[in-house]
Each structure stands twice: as structure tokens, then as C-alpha cells.
Amino acid sequence: MSSPNLESSVPQAPTDPSDPSTRDHNPVDPEPDRPDGDSSNSGGEEEEGECGFCLFMKAGGCKESFVAWENCVDEAEKNNDDIAAKCMEVTAALRRCMEDHADYYEPILRAEKAAHEEAIRELEKEKAAKEESGQNLESKKDLEKI
């Protein structure tokens with residue numbers, strides 16, 4: 001996870017060619033002191049501090065589908081809409097795209113499948129517990145009749 005770039009919020013001093021302290025400063029370069037020497041924004045569209053998951057999703061073949069999904073979720077949250085209902089179509093399109101590019105998105109698809117399987121197991125446990133407690137209540141009622 002990247003941290004916000006505090007340098008970008010600090011105003012840059014004007015460049016004066018006659019002043020040796022500012023002569024070599026490139027005013028177009030927002031990060032002149034970046035250790036790797038690369039001050040370019042490789043994606044061109046990345047937001048400052050964007051999450052690793054988002055970067056991963058956008059680096060694969062489903063960038064457009066993911067951005068559409070992201071925009072839908074943002075809009076739904078902003079309008080207090082039901083995200084699942086509002087974004088069902090773009091979610092399905094993103095899922096199909098990820099399956100079409102499974103070689104890249106396999107770690108996400110595998111994690112999603114594991115989470116789904118775990119949710120099913122938990123629901124089955126809850127159902128079994130409810131059935132067992134229901135049977136216990138019936139047994140108590142039968143005992144009370146005696």
C-alpha cells in the first residue's frame with residue numbers, strides 16, 4: 001500500500017535561471033527527489049495512494065471493466081443505493097472478464113471461491129444449529145406433556 005505523497009501538496013518555489021540553487025530544478029517534475037529516479041506516473045490515471053488491489057486489477061486485461069465497476073460502486077455509495085442491485089450488470093461483466101483472463105486474475109478468483117465455500121460452510125453450520133435447537137425445543141415440549 002502506498003502512502004500519500006506529501007511533497008505534491010507543498011508549493012514549489014519558482015525557478016530562477018540566475019539562482020544556482022534553483023537552476024537545476026525541473027518545475028515540471030513533481031517528484032524530483034524520488035529515490036528510483038522515476039518521477040513519472042506509470043499508469044497515467046492512478047489516484048494518489050490507490051490500493052494495491054486496485055492497482056493489480058487495473059494492471060490486467062480487465063482494467064475497463066474494473067473501472068466501470070469501481071465507478072458504479074462509488075456512485076451507489078454516494079447516493080445510498082443498494083450496491084448489489086445497482087451494480088449487478090457491471091459486476092457480472094467484471095467477473096466474466098476475469099474468468100476470460102484467468103491466467104492473470106487466478107489469485108483473486110481462487111480467493112473469491114474460497115470465501116464463497118467458507119460462507120456456505122458457515123450457513124450450513126447455522127442451519128444445523130437451528131435445526132438442533134428446534135428439535136431440542138420439541139423434545140422439551142414432549143417431556144412437559146408427560
Working only within the range 81-93, note down all residues that are out of contact with any Cys (no Cβ under 6 Å at 6 or more places or on another chain) and surrounded by 12 or more Cβ atoms within 10 Å (Cβ to Cβ). Asp81, Ile83, Lys86, Met88, Thr91, Ala92, Ala93
Name the residues in the range 62-89 that are of a type outside the set (A, V, I, L, M, F, W, C), assigned to a helix (DSSP H, G or I) and either farther than 25 Å from Asp103 by Cβ or over 17 Å from the mean Cα position of the chain (by Cα) (or both), would you? Asn71, Asp74, Glu75, Glu77, Lys78, Lys86, Glu89
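Computed from the coordinates by the stated procedures, all read-outs in this text should not be read as laboratory data. Quantities reported herein were computed from a predicted structural model and do not represent experimental measurements. For neighbour counting, all protein chains shown are included, and Cβ atoms are generated from backbone atoms with ideal geometry for every residue, glycine included.
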